[in-house]
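FYI, it's all coordinate maths here, none of it is from the lab. The structure presented is a predicted model; accordingly, all values stated were derived computationally and were not measured. Because the Cβ atoms are built from the backbone with ideal geometry, glycine has one as well, and the counts that use them run over all protein chains shown.
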Amino acid sequence: MRAAVLFLRSYLWAMTVQLKKKIAQRIFNGHPWIFNNEIEAIKGDVKAGDIVDVLYGDGSFAGKGYINPQSQITVRLLTRRKEEINDDFFLRRIQEAWHYRQKIGYTENCRLVFGEADYLPALIIDKFNDYFVLQTLSFGMDVWKDSIVKALQTIFKPKGIYERNDVPVRELEGLQQQKGFLSAQFDTNIIITENGLKFYVDIENGQKTGYFLDQQDNRRAIKHIAKGADVLGAFTYTGTFEIHAAHYGAKSVLGIDISVNAVEQANRNAKLNGLDNICHFEAVNAFDVLKGWAKEGRQYDMVMLDPPAFTKSRENIQKALTGYKEINLRGMKLVKNGGFLVTSSCTNLVSPELFLQTIDMAAKDARKKIRQVTFKAQASDHPIIWGMENTNYLKFLIVEVSGL
Ligand code: SAH
C-alpha cells in the first residue's frame, strides 16, 4: 500500500536530485550510493523512501533510486534505466539474482540477494532450501517489503519467509529493529544440507540470518588437511567448520565458542551427523584459553579461527587489527611444526592486503615461518563488485606453519 502511494507521488510530481557538476567518478562508474555532499539540489517535496530521478550536473539522466534525507547515504540507485520501480521491477531483479545463482551452481542454500552486488541496495535474502530469510536495511528498501515477499512467493512458492530485521544499522535509517513472519507461521528450526552434511538452522534466534552461508565453499577447502588431524576450531558458532573437519577424517576435533547457546547447537549438529564421537565443544573465551593452552604445550595439526568482525566502524580499525594479530599469534603457537592455520576475517573494513599484513606480523612475533596454501573471499553466491568495497568483505586464508 505504502509502496503504491509512493509510486503515485513520484509519478505525479517528478522528484529529482541533481548532482554537483564535478561528481565523483565512482557514481559515473556505477556505484549506487550518493552522499549528501554530492548533491547540488533536490527538487520536489521529498520524503524518506520516495523514488527520485537522479540527474547529472548537466541535467542528463543518471538513474533512479530511493532517497532518505535522514541517512548519510542520501540516495541509493536502483537502476540506471528509465524504468518504473514497482512490483514488477522487484520480481525481475530477484528473478535475475536467482538465475545467476543457478548459473554458478547454488540452488539449495544460497544468499539469493546480496544487496548492492545484486543491484538491490540494502536488501539481503538468504535461501535455506524452501525457507527464506530477509533483511531490509534501509528505509527506502523497507518500503518495498511487500513487493519483495510477493516476488519470492511467485518465484519459489516457499514454505516460509521470515524477517530478521533485528539489526542496529536500521536505526541509522530511522527504522525500528524487528523480526517476525512474513508468511504463514512455520517451525523456524529447520535442517539444511551443506556439502553432504546436515545442520540445524535457527531462523528466529540464530546469529544474523541464522547461518553463515558465506563460508560454505571455504568449509570444503579444509578437506585434505583435515585428514587424520587433531583439530582445534575457535569461534565455532554452530560447529560447521569443525563438523566438516570430522567428516573429512580428522582424528579429534575440539571447537570453542564464548556462547553457551552456540556450543549447544554445535553439539546438536555433531550428533545429527553421527560425528559426536569425534567432535567436542566447550564454552570458553578464545582469547583467554588459547594463551594458556600454548603455555601448557598443547599442539594441533590444524587450528581454525573464524572470529566475529572486531569492528563495525572505521575509527576502531586499529583496535580490530590488534585483535586479529593477537588471536592469530596465539593460534599459530598451537600449530604443530608443518601443521596448518585456517584463519578468517569477516569485516570489509580490513582489506585483504591489510589482513595478510596482519597475519605476517603475527607470524613474525610468534617466530613462525608461514607458507600460503590458499587465500579466498566469501562463497561466490555473495558476488564481489569491483569498486564496491563492502561487497568484498570475507578473507579466508590457509597457511602452513613451521618453526623458523
Ligand atoms: N565459524 C562459524 C561462524 C563464527 S561467528 C561458522 O562458520 O558458522 C563468530 C563466533 O565467535 C560467534 O559464535 C561468537 O559467539 C563467537 N565469539 C565471539 N567472541 C568470542 C571469544 N572471545 N571467544 C570465543 N568465541 C567468541
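Name the residue, out of Glu389, Glu194, Glu116, whose mean-square fluctuation peaks in a Gaussian network model built on the chain with Cα pairs under 10 Å. Of Glu389, Glu194, Glu116, the Gaussian network model singles out Glu389 as fluctuating most. Label-to-label distance for Asn37 and Gln25 is 1.9 nm, based on points extended 7 Å past Cα in the beta-carbon direction. Positive end of the dipole of the chain (Cβ unit charges, origin at the Cα centre): among Thr240, Gln207, Pro69, the Cα lying farthest that way belongs to Thr240. Fully extending the segment from Glu108 to Ser351 would add 84.5 nm, taking 0.36 nm per residue of separation and subtracting the current Cα-Cα distance. With coordinates expressed along the principal axes, the C-alpha atoms belonging to the stretch 43-125 extend over 45, 25, 22 Å, beginning with the largest.
Counting beta carbons within 10 Å around each of Ile190, Ile34 and listing the fewest first gives the order Ile190, Ile34.
Evaluated with a Cβ-only charge set (Lys, Arg +1; Asp, Glu -1), the chain carries a dipole of roughly 920 debye about its Cα centre, given to the nearest 20. May I ask for the net charge around Glu194, where only other residues with Cβ less than 14 Å from the Cβ of Glu194 are counted and Lys, Arg are +1 while Asp, Glu are -1? Neighbourhood net charge equals 0.
For the chain, what log10 I(q)/I(0) values come out of the Debye formula at q = 0.07, 0.13 1/Å, with one point per alpha carbon and no solvent? Calculated log10 I(q)/I(0) at the listed q: -0.37, -1.10. Over the stretch 186-342, the alpha carbon radius of gyration divided by the compact-protein estimate 2.2 N^0.38 Å works out to 1.02.
Summarising the overall dimensions of the stretch 183-239 from its C-alpha atoms, the Rg and Dmax are 13.8, 46 angstrom. Note on the stretch 226-270: Kirkwood hydrodynamic radius from all Cα pairs is 10.1 Å, rounded to one decimal.
Just from its helices, what would the mean residue ellipticity at 222 nm be for the chain, if runs of 4 or more DSSP H residues each count -39500 (n - 2.57) and the sum is divided by every residue, rounded to the nearest 500 deg cm²/dmol? Could you put the intermediate results ahead of the total?
On the way: 11 runs with 115 residues, N = 404.
Helix-only estimate at 222 nm: -8500 deg cm²/dmol.
The listed peptides 217-225, 329-337, 101-109, ordered by packing as a protection proxy, come out as 329-337, 217-225, 101-109 (highest mean of other Cβ atoms within 10 Å first).
If you restrict to DSSP beta bridges whose two residues both lie in the chain, what percentage is antiparallel, to the nearest 5?
So the antiparallel bridges amount to about 65 percent of the total.
Electrostatic tally near Asp130: other residues with Cβ closer than 14 Å to its Cβ, Lys and Arg +1, Asp and Glu -1, net 0.
When +1 charges are put on Lys and Arg Cβ atoms and -1 charges on Asp and Glu Cβ atoms, the dipole computed for the stretch 87-190 relative to its Cα centre reaches about 280 debye.
Relative to one another, the C-alpha centroids of the stretch 128-197 and the stretch 281-330 are positioned 32 Å apart.
Dipole magnitude of the stretch 126-269 about its Cα centre, charges +1 at Lys/Arg Cβ and -1 at Asp/Glu Cβ only, in debye to the nearest 20?
It comes to approximately 520 debye.
Counting charges near Ser259 (Lys, Arg +1; Asp, Glu -1) among other residues having Cβ under 13 Å from its Cβ returns a value of -4.
With q set to 0.12, 0.13, 0.21 Å⁻¹, the log10 of I(q)/I(0) for the stretch 87-190, from the Debye formula over equal scatterers at the Cα positions, is -0.36, -0.42, -1.13.
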